[in-house]
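Data block below; observations after.
The values are calculated or read from the model by the stated rules, or taken from the named source; none is laboratory data. None of the values given here were measured: they were computed from a predicted structure. Quick reminder, even Gly has a Cβ in these numbers, built from the backbone with ideal geometry, and neighbours come from all protein chains shown. Remember, those area values only see protein heavy atoms, side chains included, never the ligands or the DNA or RNA. Shrake-Rupley method; radii C 1.70, N 1.55, O 1.52, S 1.80 Å.
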Amino acid sequence: MLIAIQASTPDSIWGLIKRELLALWHDPWQLALVSYIPILGILGLWWLFSAGHPQQLPVAIVDHDNSQMSRMLTRNLQANSVISTLHYQDVASAKAAMESSTVYAMVQLPHQLQHDLLTGHQPSIDIRYNSQYLLVGKLLSSQLQLSLAAGLKDKALLKQLAAGVPKVQAEVNLHLIETQISPLYNANTNYVVFLLPPVLLALVQILAMLVFANSLNRELNCSSLKLCFDAGIYRVIVAKLMVNTLLLLLHGALIFSLLYGVLGLPLAGDPLQLLIAQFVMLMAVWLIVLTIFFMLQESARVISFCTALFAPAFAFMGVTFPTQEMPLIAQWWRQIMPSSHYIETHIGVVSYGQDYLTLAQQLTSYWGFAVLIPLIGLLINRGLKGESSADSQANNMAKEH
């Protein structure tokens, strides 16, 4: 059926749009990519992060002291809703549990902990966490220190009072510097607010790549690239851009409606800015896919190359890892990732309510992708010359016969 569609390529732009929609309707995989697969992905990711707050993360406790003090510190850790304590007899078994992901952190309470504290010494409590789990490790590190510090401060206060230090002075000695942390965004450290939007963004970018690459590859699979050149390759590309951009923007609007409408996540700015930024991001994705397509012109290689390029999108957004610490090559790779440019706008709109002037300044970061436009033109002209040469050879062979 697809070959019949390709065999009568229309000349008008609206005819080309109708052709694209008809081909989409008769392609079950492509139709799934632009219909129910994104919805299932959105719902699946929302369910994955729906708990919102991490609770009862397993932590290994190695108590070498077995004193009243060490038991009190263990109870403090157990009282923290983020921590679930598991007791181990030695450090080796606790480290093995960390390596197998049975626990995410380890607390080692040293021998003679209580004795050293009472005699004025400074014992060391060993805290280790698995940094491979970036968010879990960071959360446990802070919560472990807070829970242990609370127990140690109470003991230190009693010690100073026993030494005859007035209570007011003792409290001053323990709190020489008071700190107050007031989160301006995501005050409850909700995983849905923090992780779900960038994960969905990475999903949308990969989905956009697959949809557009499949649309272009369809011409190769049906041996119809020559018909596209004959009908006007630029008009064929424009028709594909119009259809696929509209479909992906609809999915973007659906995601924003789910996050900030149904789920009620905090939104400080105008959501229209998000759609504008997403439109520009899609244009950058289309340019990259067009360049790769006309360079390779082989469906499997096009999909493989694009997938390898866009797969690490989430890591390059700088949400869970500071991009300034990445190697230079990784930072260059990040610059050619459209989602890395979009995320700046998303955070600015959602967290800080930025204005349209800031949005305009952020959109200028996409200027580098415009360099691909003349490159695509050169690749298309090369294809046109190749088609013309093939036609000439075919005509000459026909005359000889």
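Ligands, DNA and RNA aside, Tyr36 has an accessible area near 130 Å² when probed at 1.4 Å. Residue by residue, the range 84-95 carries 3J(HN,Hα) couplings of 10, 8, 10, 8, 10, 7, 9, 5, 4, 5, 5, 5 Hz when phi is fed to the Karplus relation 6.51 cos²θ - 1.76 cosθ + 1.60 (θ = phi - 60°); x denotes Gly or Pro. Computed from the C-beta positions of Leu254 and Lys18 and an R0 of 35 Å, the FRET efficiency is 0.90 to the nearest 0.05.
Of all accessible surface on the range 82-149 at a 1.4 Å probe, what whole percent is carbon and sulfur?
51 percent
What's the local net charge at Ala239, with K and R +1, D and E -1, over the other residues with C-beta under 10 Å away? Local net charge: +3.
Each Lys or Arg adds one and each Asp or Glu subtracts one; over the other residues with Cβ under 12 Å from the Cβ of Trp25, this totals 0.
Here the extension length gained between Tyr352 and Leu45 equals 108.0 nm, from 0.36 nm per residue of separation less the Cα-Cα distance.
Label separation (Tyr234 vs Leu378): 1.8 nm, computed from points 7 Å beyond Cα along the C-beta direction. Carbon-plus-sulfur accessible fraction, the range 323-381 (probe radius 1.4 Å, protein heavy atoms only): 70%. Solvent-accessible surface of protein heavy atoms, probed at 1.4 angstrom with all chains present, puts Glu99, Glu219, Glu344 in the order Glu99, Glu344, Glu219, largest first. If you add up the charges near His87, with Lys and Arg at +1 and Asp and Glu at -1, over every other residue whose beta carbon is less than 14 angstrom from its beta carbon, what do you get? Summing Lys and Arg as +1 and Asp and Glu as -1 gives -1. Once the 1.4 Å probe is applied to the protein heavy atoms, the range 33-128 comes out at 54 Å² accessible per residue. The alpha carbon gyration tensor of the range 238-345 gives principal lengths a ≥ b ≥ c with a/c of 1.5 or higher and a/b no greater than b/c, which makes the shape oblate. The stretch between Gln324 and Ser84 holds 83.0 nm of extra length on full extension. This uses 0.36 nm per residue minus the Cα-Cα distance. Inter-label distance, Gln361 to Leu146: 3.4 nm, where each label sits 7 Å from its Cα along the C-beta direction.
In this structure the amide hydrogen of Leu57, modeled in the peptide plane, comes within under 5 Å of the amide hydrogens of Ile83, Ser84, none closer than 5 places in sequence on its chain.
Using a/c under 1.5 as the rounded threshold, could you call the range 88-138 rounded, prolate or oblate? The axes a ≥ b ≥ c are square roots of the C-alpha gyration tensor eigenvalues, and prolate needs a/b larger than b/c, oblate otherwise. It comes out oblate by the Cα gyration axes. Exposure check, 1.4 Å probe, all protein chains in place: Thr307 carries approximately 60 Å² of accessible surface. Each label was represented as a point 7 Å from its Cα along the Cα-to-Cβ direction; for Val91 and His121 these points are 1.6 nm apart.
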